[in-house]
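A.B. asks: Sharing a structure, written as structure tokens. Questions coming.
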Amino acid sequence: MAFKNFVKELNGNRVEGELLITMFYSLLTSFIFLFIAYYLKLKTIESIIPKYGFYLFFSALSYAIITPAIRQVRAYKEFPCMSGMMIGMTLGMLSSFLIGFYVASTNGMFYGGFLGVIIGIIIGVWTGKSCGIMGSMEGIMAGFMGGLMGAMTSVMLLNDHLKTAGILIFIISSIIMIKLNYMVYNETKETEREKKDDHLFTIIFTIVLISITTWIIIYGPRGGIFQ
């Protein structure tokens, strides 16, 4: 029954009613950025779409499922300790794992892993601090571990269905994010919203992440067998 109420709220007036719109704005922002970048600069690079298109596409999808959860968490200043720790851990782990996986697939474990670590720790601490120091610690630990694990997984799968694994990893991560959205709804359904972000936040946040990811994947350094 509670999950049905959550689904109904996706069209409601609470922050949950903005989740799908936020996802759409994030995805649209990434695609517009990649379209402009391709026609201004990237189309001169030989075989860019076969080599990098899959990983850029799924990086954009990854940011599109992470951004709504960040917006949902930011709508409230504080969470109970266990909930805040779960928020920091989940967002830190998934953001670092996904980006670590897709970037390491083109640039190697070191560069992909530590880009994932940096992004995951920032997001994990940013959202986990809603319950204080323990949530921040969970965000750091999850971001640190997830980035390296995602990168390691991609390198281990280079000759064994790498792209198929990338699709499955994204699907599983999406399910986890839906569960996180539902958990936050359950924790806050009796609470008044404290902060309202406009979609400028979504656009700027997405542009920053997709531009960094695009630059690293296409022009960034490569390690190991990718050199």
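Here, each number is a calculation from the coordinates, and none is a lab measurement. Since we're looking at a predicted model, the values are computed, not measured. Cβ sites come from the backbone with ideal geometry, for glycine too, and all protein chains shown count toward neighbours.
A.B. asks: Quick check on the chain: helices-only [θ] at 222 nm, where DSSP H runs of length 4 and up contribute -39,500 (n - 2.57) each and the sum goes over total residues. Nearest 500, please.
C.D. replies: -26000 deg cm²/dmol
A.B. asks: Using only the alpha-carbon atoms, how far is helix 81-107 inclined from the longest principal axis of the chain? Give it as 0 to 90 degrees, nearest 10.
C.D. replies: With rounding to tens, the tilt is 10 degrees.
A.B. asks: Further question: From the phi of every residue in segment 116-133, what ³J(HN,Hα) in whole Hz does the Karplus formula 6.51 cos²θ - 1.76 cosθ + 1.60 yield, where θ is phi - 60° and glycine or proline is x?
C.D. replies: Values, residue by residue: x, 4, 5, 5, x, 5, 4, 5, x, 5, 4, 8, x, 5, 4, 10, x, 5 Hz.
A.B. asks: Among GLY135, GLY84, GLY17, which one shows the highest mean-square fluctuation when the chain is modelled as a Gaussian network with alpha-carbon springs under 10 Å?
C.D. replies: So, out of GLY135, GLY84, GLY17, the one fluctuating most is GLY17.
A.B. asks: Using Cα-Cα distances under 8 Å and only pairs 6 or more residues apart, what relative contact order does the chain have, in percent?
C.D. replies: 26 percent
A.B. asks: For PRO80, what charge total do you get from the other residues with a beta carbon under 13 Å from its beta carbon, if Lys and Arg give +1 and Asp and Glu give -1?
C.D. replies: -2
A.B. asks: To continue, here is another question. Can you count the Lys pairs in the chain whose Cα atoms are under 12 Å apart, with each pair 8 or more apart or on different chains?
C.D. replies: Lysine pairs, 8 or more places apart or on different chains, close enough: 4.
A.B. asks: If amide hydrogens are placed 1.01 Å from N in the peptide plane, which non-local residues have theirs closer than 5 Å to the one on GLY132?
C.D. replies: When sequence neighbours closer than 5 places are left aside, there are no close amide H contacts.
A.B. asks: Sticking with this structure for a sec: Relative to the longest principal axis of the chain, what angle (0 to 90°, nearest 10) does the C-alpha long axis of helix 162-188 take?
C.D. replies: 20 degrees
A.B. asks: For segment 187-227 and segment 123-169, what is the centre-to-centre distance using only Cα atoms, to the nearest Å?
C.D. replies: Taking the Cα centre of each part, segment 187-227 and segment 123-169 sit 14 Å apart.
A.B. asks: Decide, for segment 107-183, between rounded, prolate and oblate: order the square roots of the alpha carbon gyration tensor eigenvalues as a ≥ b ≥ c, take rounded if a/c falls under 1.5, and otherwise choose prolate if a/b is larger than b/c, else oblate.
C.D. replies: It is oblate, given that a/c is not under 1.5 and a/b is not larger than b/c.
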